[in-house]
Structure formats: C-alpha cells, structure tokens
Amino acid sequence: MSEDDNPTAAMLAIGDELLSGRTKDRNIGHLAEAMTLIGIGLKEVRIVADDEAAIVEAVNALRERYTYVFTSGGIGGTHDDITADSVSAAFGLPCIHNDEAMSRLAAHYERRGIDFNASRQRMARMPEGATLIDNPVSTAPGFVVGNVHVMAGVPSIFEAMLDNVMPTLKGGAPLVTKTVECPFGEGDIAARLGEIQKAHPKTSIGSYPRFSSEGFRTQLVVRARAEADAEAAAADIRAMLEAMEAG
C-alpha cells in the first residue's frame, strides 16, 4: 500500500527541562494514543534541547520521512522559547508576528487587564504563511507549516490543541468526539475518571481545566473510532457527574 494509504507520524519534544529530568513528559503517550485511535502510525519520537541547530536538524529529518510531525514545547514568551524561530529556519521562512495571533492575544490580555508587552507578543511569532492552531485553554495559538504541527508543551494545552488538529488529519477512520462539561476540578474526578477509562479501552478521555466567570471547571472530551464506544463512555461520565452532584 502507498504512503497515502498508511499515514505516519513523528513527534519532536523540545526542551532542556525534559532532558534534565526536571519535567516528566506526558505528551508523547497522549499523542501515541490519539494517533492509534485514528489509524495513524506514530513511528518515531525525538527529544532535543533548546538548541536551534538541533531543532532544525530534527524538524527537517522528520518532515521528510513522515506524513505528519508534531512538536511540543518552546513557543512561550521567554528568551529560551526558540521553537518558532527554529521551525522558521528549518523551512527557510522569516519568523513574523502573525496578525491574527496578535489580535487574539491582545484581546485576551485586554480582557484580563494585563499589559500585552513585548514578551507576551513573542507568543504570536511563527513562520510567515503558517496557519493557526486554536488554544482554548490560554489563547496563545500553535501553528502549522507544511506537515509540521507546532504545539505547546504544557500537557493540558497540548491536548486541547491536538483536539483541534485531529479532524484535519487523514487517518484510518474518522474520529468521533463527545464533550461533557464538568463543574468539578480534575482532582475531584481523577480516580473515578480513571476507572471509566479502564472500562472503555477503545476510547481516549481527555480532561481540560479552564477558568470561567463561574470559577474553575473541567471539559471532558471522549475520543473513539466508533460512535457507540464514544457515547458509552460519555454516558458513564454523565452518570458519574450526576452522582457527584447528588452528593
């Protein structure tokens, strides 16, 4: 079968903190599960330091070899967040402040009454011509250039971005998603949610904490290849929440 019939993927996890052991990666396992669910083979994972030459080398090697490349980390606003610059260099493109990203971030910080300073504006930088990956958790977008999908390293944001990317990928089967809004924090539901996940091995359940006018809440997203599998897990989640609310 051709490559088109068998899409493949690779992941590039970026950050000194991963190699020093200070941060334990959670994104690799999540991506592997998500790719399996939609019939894309995750074939290779690399971890590199915050070093432009290493990132450029890895991006160029992986994007030539696989259908899709996913990166995590290094797109924040600090001096050592160099992923946008490095991916731009890999593609031979200028790294610019994307107008739409600037607009979204400016509005986000204005609502919060926080200065949209030069450091925060760095989060809008990406290769010229890139398209945005929505970030429903903290607004600062990821981006896509060519077959490379550049996303945040914070697990909750990486997972939320991946949810937005998944429908655009050509996999072995369409992905069914069910979203359940939860009024409880992750700590309150983690154990019970883990049991539901074990009971529904053909699904992947993500939890995404967020802050709204009503306080902290959690959005639960069930992903599966089959509608029946997704709905069965979502039904168990709804039943769990009803029982918790009843006390």
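With 0.36 nm allotted per residue and the present C-alpha distance subtracted, the Phe216-Thr168 stretch has 14.3 nm of extension available.
When a 1.4 Å probe is rolled over the protein heavy atoms, the share of accessible surface on the chain that falls to carbon and sulfur comes to 50 percent. Ranking Asn147, Leu62, Gly206 by how far each Cα lies toward the positive end of the dipole of the chain (charges on Cβ) leaves Gly206 at the top. For the listed peptides 134-144, 51-61, 7-17, a ranking on the average number of other beta carbons within 10 Å per residue, highest first, reads 7-17, 134-144, 51-61.
Compared with the dominant Cα axis of the chain, that is its longest principal axis, helix 99-112 is turned about 50°. Computed packing ranks the peptides 158-171, 190-203 as 158-171, 190-203, most packed first, by mean other Cβ atoms within 10 Å. Taking 22 Å as the straight-line reach from the Cα of Lys198, the lysines in range (excluding those fewer than 8 positions away in the same chain) are Lys178.
Overall size of the chain from C-alpha positions, given as principal axis extents largest first: 55, 55, 34 Å.
For the pair Met102 and Leu132, label points projected 7 Å from Cα toward Cβ lie 1.3 nm apart. Averaged per residue, segment 176-246 has 53 square angstrom of accessible surface, using a 1.4 angstrom probe with ligands and nucleic acids left out.
Extension gain for Lys43-Leu93 works out to 15.3 nm (0.36 nm per residue, less the C-alpha to C-alpha distance).
The values are calculated or read from the model by the stated rules, or taken from the named source; none is laboratory data. Since the structure is predicted, the reported quantities are computational estimates derived from the model, not experimental observations. All Cβ positions, glycine included, derive from the backbone under ideal geometry; neighbour counts span all protein chains shown. Only protein heavy atoms, including side chains, enter the accessible area calculation; ligands, DNA and RNA are left aside. Shrake-Rupley method; radii C 1.70, N 1.55, O 1.52, S 1.80 Å.
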